[in-house]
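Remarks on the structure that follows.
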Amino acid sequence: MPNLQLSSVDKFYGDVHAVKGVSLEVPEGEFIVLVGPSGCGKSTLLRSIAGLEEISGGDISLGGRSIVGLAPRDRNIAMVFQSYALYPYLSVYENIAFGLRARKFSESEIERQVGWASELLAIGDFLQRFPRELSGGQRQRVAIGRAIVREADLFLLDEPLSNLDAKLRDGMREEIKRLHRQLGKTFIYVTHDQIEAMTLAERIVLLRDGVVEQEGAPLELFERPRNRFVAGFLGSPSMNFIEVEQDGDGPGIRLPDGQIIDKFEFAPEFPDGGKLVWGVRPEHFSVASGSSADMEALIEVVQPTGSRTFGSFTLSGTHVVAELDARAQIAADQKASLSIDVERTTFFSAETGEAC
Amino acid sequence: MTRGAKGWRLAARLACALAVATLFLFPIYWLAAISIKTPEEIFAYPPVWIPSGFRLDGYVTLFRDGDAWAVWNSLVTAGISTVLAMVIGFIAAYSIVRYRTGGDHLAIWIISQRMIPPICVAFPIFLLFVSLRIVDTYTGLVMLYTAFNLPYVIWMMRGFIQEIPLELEQSALVDGLSRWAVLWKVVLPMSRAGFFATAVFTFIFAWNDFLFALILTRSDVITYPVQVTGYFGSQSTFWSKIGAMSMLGVLPMIFVVGTMQRFIVRGFSMGAVKG
């Protein structure tokens, strides 16, 4: 029996259709990430599951029982908010114990649970402090502690790392993933950060304008995006989209600047006399030597990051970024020979944006 | 800046503070002094700045004649009406902020009620109270002060509640609290400073009321401001009683404001005053 099931969930704000018939099954224990750009409906969906928003249509069930119309406190769900939502007038201990007290746990049970959570999250040393005396990372741990002490069926996390600096975010990502493994509970995590989505999720649900664009394992979405939007959203730097034409009757394609690439095992099917959009991820490029080169590019900007080097160039007006080996011998204003791992690239319809 | 210049600045500031404090405290001192002066000292010219003794005759008379009950009446009416106005106003303000009760303009309409000059409604209210048979009763005054203070409480609490992050309440809802529990366990503690500051002012408004207390009381629930005016006679003025009664009226205020000072300052600095 699925732990959580969303069936054709709709949400309207006046005339604005924020969530459009979203259906989703989340098996027990899964770590699922709802990701998408601002205004895509991911937070609305999460808040609807929590009971903080009433849905306009459809059904949400948890453990086989519909929870629509139930007050948030009757859903046995725990939630971590972006702003931590810690009570400034309560100590860390009391913040963590808040939900337990609300549910009338005994004092000994509260002590045991808070002790367990604080040990798990390494916040035992400042249980008597107040939130204002903690750093951002510590506050986030307390917020997570408050969620996990209750034996909730479902954990909802609404952009919990957005207020942390980049370095802290990396560390907390790992901790959240570890926590999920230890608890074995269902996690639903909302973020607009595709790196968080890729690194944390067992399954990504990518939303746009209230609609699920694609869902699946992170690498599945990354390697086999259903459309240009999915392909462009995941990956940093983004996938390059190059408009290409068929090269005569052969199996090759012609790039905008006239270069021809013809090493495809399976030639893409072009519409009659039409064009396709070729999706090439930056990491699909590599520096080539001699006859293995697929194309020549005049490198305009070189950005070394230490571990990798980004080289940018323009193909008849199309801006392209290649992610190359850190030791690649490339320089600005010089030509570079590049090869492309064509079998990993994707073609999209120039008209609909759907993957071919 | 040199050390000498700093010293002068400090001295100038202290002098200013002292001057302002004297300006505000002198009337209270003078009142206290009158209440313990002999009749000769009260009327002496040039004035007697420091009373020769500590005569409590004025106070003794007030308690012996039962006049001191006026202070009790003020405490009861101002106290109960403050509690009522705070409870009702707090809940109403929460409703306006979080449920948008009454749309965008209800709050403005409510505060506009406060701007009506009380004298305009004094006569209709008197007639209403007569027909309801609540003239000269605690119930009447408490109802009136509650109604008159509610707009102020709602307006102030609305400002304080607006500043509370919504996520705190939502987190509490998910954690297991009902809406009512959220109100008392999250919203109230979060707006505590503003709540107490508002309560102090509400109490002071009711405490200081003279107009309605004069019109709506006869003998049973006369409040202290009305009682004080009773000592201004056409033949003679009982300065000793006026001094003593006024001191009895001022002391509870000094106590309330003194104990709540920290909330009043924080309440103001929390932003309700800014807008």
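Just so you know, all these numbers are worked out from the coordinates, no wet-lab data involved. Quick caveat, the model's predicted, so the values are computed rather than measured. Positions of Cβ are generated from backbone atoms using ideal geometry, with glycine treated the same way; all protein chains shown enter the neighbour counts.
Here residue A:167 is the anchor, and the aspartates and glutamates within straight C-alpha reach of less than 17 Å, apart from those fewer than 8 places off in the same chain, are A:159, A:175, A:193, A:196.
Give me Rg/Rg_expected for chain A, where Rg uses Cα atoms only and Rg_expected = 2.2 N^0.38 Å with N residues. Numbers along the way, then the final one.
Working: Rg = 24.5 Å, N = 356, 2.2 N^0.38 = 20.5 Å.
Relative to the 2.2 N^0.38 Å estimate, chain A comes out at 1.19.
Note on residue A:269 and residue A:177: their simple-model spin labels are 3.8 nm apart, each label 7 Å out from Cα toward Cβ.
Residues A:239, B:190, arranged from fewest to most other Cβ atoms within 10 angstrom of their Cβ, appear as B:190, A:239.
Based on the Cβ-Cβ distance of residue B:178 and residue A:108, what FRET efficiency does E = 1/(1 + (r/R0)^6) give at R0 = 25 Å, to the nearest 0.05? The formula returns an efficiency of 0.50 here.
Compute the distance from the alpha-carbon center of segment B:1-75 to that of segment A:262-322, in whole Å. What the calculation gives is 89 Å, centre to centre. Out of every Cα pair in segment B:141-275, what percent are spaced more than 20 Å from each other? Above the 20 Å cut-off, segment B:141-275 has 60 percent of its Cα pairs. Of all complete DSSP H helices in chain A, those with a Cα span along the helix axis of 15 Å or greater and a mean Kyte-Doolittle hydropathy of -0.5 or more are A:92-102, A:136-148.
Rank-order A:145-154, A:280-289 by packing density, defined as the average count of other C-beta atoms within 10 Å over each peptide's residues, highest first. Working shown, then result.
Details: A:145-154: 21.9, A:280-289: 18.5.
Highest mean packing first, the order is A:145-154, A:280-289.
Please give me the summed charge of the neighbours of residue A:296: other residues whose Cβ is under 13 Å from its Cβ, Lys and Arg +1, Asp and Glu -1. Please list the in-between numbers first.
On the way: positive: A:335; negative: A:257, A:294.
Combined, the nearby Lys, Arg, Asp and Glu give -1.
What Kirkwood hydrodynamic radius, in Å, does segment A:240-349 give when the mean of 1/r is taken over all pairs of distinct Cα atoms and then inverted? List each step's numbers first, then the result.
Numbers: mean 1/r = 0.0701 Å⁻¹.
Its Kirkwood hydrodynamic radius stands at 14.3 Å.
May I ask you to sort A:17, B:105, A:319 by Cβ crowding, counting other Cβ atoms within 10 Å and putting the fewest first? Could you put the intermediate results ahead of the total?
Numbers: A:17 16, B:105 9, A:319 12.
Ranked by crowding around the Cβ, least crowded first: B:105, A:319, A:17.
The convex hull around the C-alpha trace of the protein assembly as shown, projected and averaged over every direction, spans 46.5 square nanometres.
Could you tell me the convex hull volume per residue, in Å³, taken over the Cα atoms of segment A:208-283?
It comes to 128 Å³ per residue, whole-number rounded.
The shape of segment B:112-189 comes out prolate: with a ≥ b ≥ c from the C-alpha gyration tensor, a/c is at least 1.5 and a/b beats b/c.
Computed log10 I(q)/I(0) for segment A:33-115 at 0.12 Å⁻¹: -0.49, from the Debye equation with unit scatterers placed on every C-alpha and solvent omitted. Based on the Kirkwood approach, the hydrodynamic radius assigned to segment B:9-108 is 18.7 Å, with every pair of different Cα atoms included.
How would you order A:196-204, B:128-136 from highest to lowest mean count of nearby Cβ atoms within 10 Å? Intermediate results must be reported in sequence, preceding the final value.
Details: A:196-204: 20.9, B:128-136: 14.1.
Descending mean neighbour count gives A:196-204, B:128-136.
Would you kindly calculate the mean projected area, averaged across all directions, of the convex hull enclosing the Cα atoms of segment B:1-55, in square nanometres? List each step's numbers first, then the result.
Numbers: hull surface 20.8 nm².
About 5.2 nm², averaged over all directions.
When every Cα-Cα distance of segment A:128-250 is counted in 10 angstrom steps from zero, the calculated P(r) takes the values 10, 36, 30, 14, 6, 3, 1, 0 percent. Taking 1.002 mPa s as the viscosity and 20 °C as the temperature, the Stokes-Einstein diffusion coefficient of chain B based on its alpha-carbon Kirkwood radius rounds to 99 µm²/s. One quarter of the convex hull surface built on the alpha carbon atoms of segment B:87-220 amounts to 9.2 nm², the projected area averaged over directions.
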